[in-house]
Amino acid sequence: MGQAVRDALAIAVQIGQPVLLWGGPGEGKSRLIAQVAEQLGRPCEVVVGSVREASDFVGLPVRDPGGSVTFAPPRWATRCLDEPTTVVFLDELTTAPPSVQAAMLRVVLEREVGDLRLPDSVSFVAAANPPDVSAGGDDLAPPLANRFCHLDWEAEPARWVAGLLHGWEPPPIPIVPAERGAIETIWRATLAGFIGARPSILRRVPEDIVAQGRAWPSPRTWDQAHRAAAAADAAGADRKVRQALVAGLVGAGAALELLRFADAMDLPDPEELLADPSSLDPSSRIDLLLASLAGVTAAVAGRPTLDRWHAAWAVLGVACDAGRADVAALSAVGLIDLREDGWPAPPEAVAFAPTLRAAELI
């Protein structure tokens, strides 16, 4: 599993997904993060949470000559402007005081440090020892935990022995291609079908305080999970890597359900449906139909034109003619949101009006 975690970390860094690497003291977490950053050709900026103050993340208030107050960013943040692909390594995260953890929230999610906005290409990786083996450690606050992909790292004996004898040359890591829109569309449709069939799994905040500090399902982490899964597939990574990424975001149980759902699906290509709306099979299972229609909407969102928008309505019309307007209603709402000024309403949209009004969607 060690190689899968390494690859998952590398993929997360490339797509800007914040990662929290868990592991006992002395397992080599810091070395792993530095190695991955080096292999990707990115500088690594180390910020040790246990010795920092909240001002190191929200900025130091400074009064300017005009009487207003600005928040000056720390040096570690300004250096990221010079190196916009920096990997910001937040070490000893769980030993940071609660006030510092709270200050990190805005940095990790919004990339803002004081009055400075970090480039989108900056990535965040944190490391932490489990609270029971860390000095002064505490459980992670749920809002902060829900922003990370949680990966468990443990040195593998065989690989460690090989490194001891022959040198610590890191193995190759998968590279995520810049163009992966088609794969993301498929995963977006798959996730839409899955949540549509299992709406109760969209959010599950654990009752146990320890579990709240790890991975659990929320609208945010589901969105992150489908992007991470798409990146892993686009990079040609092993299935274990995809599983580690998804489980690190929504938890092992929820990840297993999604991945089983994805493996059982055989979705039609959204572009083929747009080219030939009559090829839609409206009699398929509700979850498959939801995912297929969501894929069409996602494909149009990725390249919105009037012709593609009207073609998508034609696909939904096939479902409506087969008595599945209730299933297609969510995709209809998505198409309504994509409409640009001046685009005439297609005739298929009229058939959905009663269903959308009944569901209070319009």
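The values are calculated or read from the model by the stated rules, or taken from the named source; none is laboratory data. Given the structure is predicted, the values throughout are model-derived calculations rather than measurements. Counting neighbours? That spans all protein chains shown, and the Cβs are built from the backbone with ideal geometry, glycine included.
Report, by residue number, each residue of region 282-325 that is acidic (Asp, Glu) and more than 21 Å from MET265 (Cα to Cα). Within region 282-325, ASP307, ASP321 meet the criteria. All of ALA228, ALA215, ALA232 fail the test of being outside any helix (DSSP H, G or I) and modelled with pLDDT of 85 or more, apart from ALA215.
Of everything in region 127-144 that's more than 26 Å from the chain's Cα centre (by Cα) and assigned to a loop (DSSP other than H, G, I, E, B), which residue is modelled with the highest pLDDT? Among residues in region 127-144 that are more than 26 Å from the chain's Cα centre (by Cα) and assigned to a loop (DSSP other than H, G, I, E, B), the one modelled with the highest pLDDT is GLY137.
Which residue is surrounded by the fewest Cβ atoms within 10 Å (Cβ to Cβ), if the candidates are limited to region 248-273 and must be without any contact (Cβ under 8 Å) to a residue 40 or more places away in the chain and among the aliphatic types (A, V, I, L, M)? Among those that are without any contact (Cβ under 8 Å) to a residue 40 or more places away in the chain and among the aliphatic types (A, V, I, L, M), it is ALA264. The residue that is farthest from HIS150 (Cα to Cα), counting only those in region 106-117 that are surrounded by fewer than 21 Cβ atoms within 10 Å (Cβ to Cβ) and over 16 Å from the mean Cα position of the chain (by Cα), is ASP115. Taking the criterion of being more than 22 Å from LYS29 (Cα to Cα), part of a strand (DSSP E or B) and of a type outside the set (Asp, Glu), the residues of region 98-125 that qualify are VAL113, LEU116, ARG117. Among the residues of region 62-97, those that are assigned to a loop (DSSP other than H, G, I, E, B) and either in contact with an Asp or Glu (Cβ under 7 Å, 6 or more places away or on another chain) or closer than 19 Å to GLU45 by Cα (or both) comprise PRO73, PRO74, GLU83, PRO84, THR85, THR86, GLU92, ALA96. Take VAL300 and tell me if it is of a type in the set (A, V, I, L, M) and in contact with a Lys or Arg (Cβ under 7 Å, 6 or more places away or on another chain). Yes, satisfied. The lone criterion from (1) touching a residue at least 60 places away in the same chain (Cβ under 8 Å); (2) of a type in the set (Val, Ile, Thr); (3) part of a helix (DSSP H, G or I) left unmet by ILE173 is number (3). So, in region 39-98, of the ones that are modelled with pLDDT of 90 or more and either of a type in the set (D, E, K, R) or not assigned by TED's automatic domain parsing to the domain that holds PHE124 (or both), which residue ends up surrounded by the fewest Cβ atoms within 10 Å (Cβ to Cβ)? By that ranking, first place goes to ASP82. Could you say whether any residue in region 314-323 is in contact with a helix residue (DSSP H, G or I) (Cβ under 6 Å, 6 or more places away or on another chain), within 27 Å of SER218 (Cα to Cα) and of a type outside the set (Val, Ile, Thr)? No. Just one of the listed residues (ARG180, ARG147, ARG159) is in the same structural domain as ALA234 (by TED's automatic domain parsing), at pLDDT 85 or above and basic (Lys, Arg), namely ARG147.
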